[in-house]
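These notes concern the structure reproduced below.
The values are calculated or read from the model by the stated rules, or taken from the named source; none is laboratory data. Everything numeric in this text was worked out from a predicted model, so none of it was measured. Using ideal geometry, Cβ is built from the backbone for each residue, glycine included, and neighbour counts are taken over all protein chains shown. Surface accessibility is based on the protein's heavy atoms, side chains included, excluding ligands, DNA and RNA. Shrake-Rupley method; radii C 1.70, N 1.55, O 1.52, S 1.80 Å.
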Amino acid sequence: VTATITGDNYTGSLTRTATLEITKAKVTYTIDNKTSVYKSTIVPLTGNVTGGTVYAGDDLGVTLSTTATSTSDAGTYPITGTYTNTNYDVTFVDGTYTITKKDIKDEDLGNEFSFDSASFVYDGTEKKIEVSNLPSDLSVSYDDNTRTNVGSQTVTATITGDNYTGSLTRTA
């Protein structure tokens with residue numbers, strides 16, 4: 001900034017130079033923690049300025065992101081932020097996105113799932129029946145699922161998953 005000073009009773013002029021500096025406004029942006037259930041839609045990420053001032057009509061240009069998706073395993077994932085407005089120096093207080101386990105339900109088995117009874121002719125080898133078309137995020141364990149000699153028995157399949165609570169039981 002250059003200022004020139006003159007007056008009626010003076011001849012000449014006097015010039016002085018000074019520096020005008022505007023520094024970035026410092027703000028703190030706190031990201032809200034979020035929660036959803038495994039295989040549910042990810043909820044919108046939000047947060048707000050908790051320290052400092054954002055001036056009227058001035059947008060920080062904040063973008064929030066997480067690696068959590070509707071098919072991410074149950075657990076916690078960081079929520080982080082970036083900003084684009086060069087008039088600010090933004091410090092983020094990161095949030096956490098928590099995906100909780102889903103209660104297992106019949107519809108989680110899908111339309112292709114099957115666990116069917118079967119008959120075999122005795123040939124001296126061990127026989128068993130198994131679940132087919134089980135979704136990849138589920139696992140199965142069996143009770144009484146092998147037989148070698150003539151006869152019949154009820155086989156129980158118990159279906160569980162790391163991202164689920166509870167279990168489903170099927171018999172054949």
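Quick one: what pairs do we get from the range 143-172, first residue among the basic types (Lys, Arg), second loosely packed, with under 12 Cβ neighbours inside 10 Å and in a loop (DSSP other than H, G, I, E, B), C-beta under 8 Å, 6+ apart or different chains? Between residues of the range 143-172 that are among the basic types (Lys, Arg) and residues that are loosely packed, with under 12 Cβ neighbours inside 10 Å and in a loop (DSSP other than H, G, I, E, B), the close pairs are ARG147/GLU126; ARG147/GLN153.
Between SER36, SER65, which is at pLDDT 95 or above, in contact with a strand residue (DSSP E or B) (Cβ under 7 Å, 6 or more places away or on another chain), part of a strand (DSSP E or B) and surrounded by fewer than 14 Cβ atoms within 10 Å (Cβ to Cβ)? One residue alone meets the criteria, SER65.
Can you tell me which residues in the range 147-167 are of a type outside the set (Val, Ile, Thr), part of a strand (DSSP E or B) and closer than 20 Å to LYS128 by Cα?
ARG147, ALA157
Checking THR125, THR146, THR91 one by one, the residue that is under 23 Å from the mean Cα position of the chain (by Cα) and open to solvent by less than 90 Å² (accessible area, probe 1.4 Å) is THR91 and no other. Summed over the range 68-83, the residues that are of a type in the set (Gly, Ala, Ser), part of a strand (DSSP E or B) and crowded, with 18+ Cβ neighbours inside 10 Å give a count of 1.
Taking the criterion of being in contact with a Ser or Thr (Cβ under 7 Å, 6 or more places away or on another chain) and assigned to a loop (DSSP other than H, G, I, E, B), the residues of the range 22-33 that qualify are ASP32, ASN33.
Restricting the first member to the range 19-45 and to residues that are under 26 Å from ILE104 (Cβ atoms) and of a type in the set (A, V, I, L, M, F, W, C), and the second to residues that are at pLDDT 95 or above and surrounded by 16 or more Cβ atoms within 10 Å (Cβ to Cβ), the beta-carbon pairs closer than 7 Å and six or more apart or on different chains are VAL37/LYS102; ILE42/SER36; ILE42/ALA68; VAL43/LYS34; VAL43/SER36.
Of all the criteria given as (1) in contact (Cβ under 8 Å) with a residue 60 or more places away in the chain; (2) under 10 Å from the mean Cα position of the chain (by Cα); (3) not in a strand (DSSP E or B), the one not satisfied by THR86 is (2).
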